[in-house]
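Derivation of every value follows stated rules applied to the coordinates shown; laboratory data play no part. Computed from a prediction, not measured in an experiment: that's the story for all the values here. Cβ: placed from backbone, ideal geometry, glycine included. Neighbour counts: every protein chain shown.
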Amino acid sequence: MAAVLDAIRVLDFGRYIAGPFCAALLADLGADVIRVEKVRGSEDRFVIPLNEAGDGAMFMQVNRNKRGLTLNPMKPDGREVVRRLVATADVVVANLPDSALTAMGLDYRSLAAVRPGVILTSVSAFGAGGPLSGKLGFDGIGQAMSSAMYLSGRPGEPTKSYVPWVDFTTALSATVGTLAALMARQQTGRGQEVKGSLLASALTIANTPLIEQAVNAPDRVATLNRSQVSAPSDTHRTRDGWILVQTIGQPLFERWTTLIGEPHWLEDPRFKDDISRGDHGEVISERMVTWCAERTTEAALSALEEARIPAGPVYSPQQTLDDPHVQAVRFLKAVEFPGSSSPAPVADTPFSMSETQTGIRHRAPLLGEHTDQILSELGYKPAEIVALRVARVV
């Protein structure tokens, strides 16, 4: 079964998550992705180290299916390596400041001069055109500035999500843009620049409460895990754990009232629709607290499932790994990595295609693992590669 991007080469100059995971998804679709990093190893290689070399969990996830090249593009000989690489590339991915792209010869004008039709996918923290455009930022800044942190946790205690959802949604949107640019190039023969930003992604995910605030100005504050626009929708402690129950819409609420023995609540004006139930969600949550406290997690989830009400257990990381369904669907692939004490459970491509190959084919590269191979493909002789190594260009 052929992969859709078999003939596409991608140069990944990304760092951390947004750029590298975009490139990883392109690699999952069959592209030949070359991960370019510092000669001593880029900082993101060593986040949450798992072996003596310091290779990290994040790097293993977002750099699968790639080949690894070390390079110092600021040296003259390194700029020549960049030029030769670009001459073979269809896509360049970089989440670096504009000034850094220009200094490395990775701005769109420089790339197109070498390779007409090339696509540059760049990701910034704050996007272009505003007073913060040149400012550095990470995932958490997007969470903070989008109001997502303000509406999470408790009032007066803004709470950041432990997982970096802004980075990953930025990577997903950048991937969509890159694929669209490749399709456009098929039609026009021209390349273009695809731009994404962490703030744009965060504002997209947080858009609904922003729209509500602009139109109705409810000035909402955080309510921990309880929804403000429907109920029951909250986390509840059982006799031996925690569960999350989520309902929205009248049919689900009706089934819930039957389950807990409060059918008269259907006539209560406080609970006439989703938004009303959200406004009085504390009352509904209190009733659910009592119901859950009398049951084990298994018993509560079984009763909710029989009533066809969406609910699930709140898991620790180990419980997630041990869950029979998570294991059965095989979405987490066991990937061996040199020096690690056990295989890494790397999340596979988050979609599948019936007629096209996708997915993890091989692990993330060791530092500079494919440098000699790639340089040879670019026309460098063995003695020239040795010279580049001696000069710390690669």
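Averaging Cα coordinates gives a centre for region 80-138 and one for region 320-394; these two points are 24 Å apart.
Measuring gaps between exposed loop sites in the chain (GluC sites (Glu not before Pro); DSSP loop; at most 12 other Cβ atoms within 10 Å), the longest gap, sites not included, is 53-293.
With neighbour counts taken as other beta-carbon atoms within 10 Å, the residues Phe59, Phe126, Phe138 rank, fewest first, as Phe138, Phe126, Phe59. Footprinting exposure proxy ranking of Asp274, Asp77, fewest other C-beta atoms within 10 angstrom first, gives Asp77, Asp274.
Springs between Cα atoms under 10 Å define the GNM used for the chain, and in it the highest mean-square fluctuation of Ser147, Ser376, Ser122 occurs at Ser376.
Counting other Cβ atoms within 10 Å as a rough exposure proxy, the listed residues Leu26, Leu332, Leu85 run Leu332, Leu85, Leu26 from fewest neighbours to most. So which residue, out of Ala222, Ala144, Ala103, gets the largest mean-square fluctuation from a GNM of the chain using Cα contacts under 10 Å as springs? Residue with maximal mean-square fluctuation among Ala222, Ala144, Ala103: Ala103. Compared with the direct C-alpha span, the chain from Ala100 to Ala7 gains 30.6 nm at full extension, assuming 0.36 nm per residue. Its convex hull of Cα atoms gives region 124-237 a direction-averaged projected area, equal to a quarter of the hull surface, of 10.0 nm².
Rg/Rh for region 51-155 (Cα atoms only, Rh after Kirkwood) is 1.06.
With the biggest extent put first, the Cα atoms of the chain measure 83, 48, 41 Å across the principal axes. Within the listed set Gly78, Gly312, Gly196, the residue fluctuating most in the Gaussian network model of the chain (springs between alpha-carbon atoms under 10 angstrom) is Gly312. Ellipticity at 222 nm from helices only: DSSP H runs of n ≥ 4 in the chain, each -39500 (n - 2.57), divided by the residue count, give -11500 deg cm²/dmol. Against the chain, whose longest principal axis is taken from its Cα atoms, helix 165-188 shows a tilt of about 50°.
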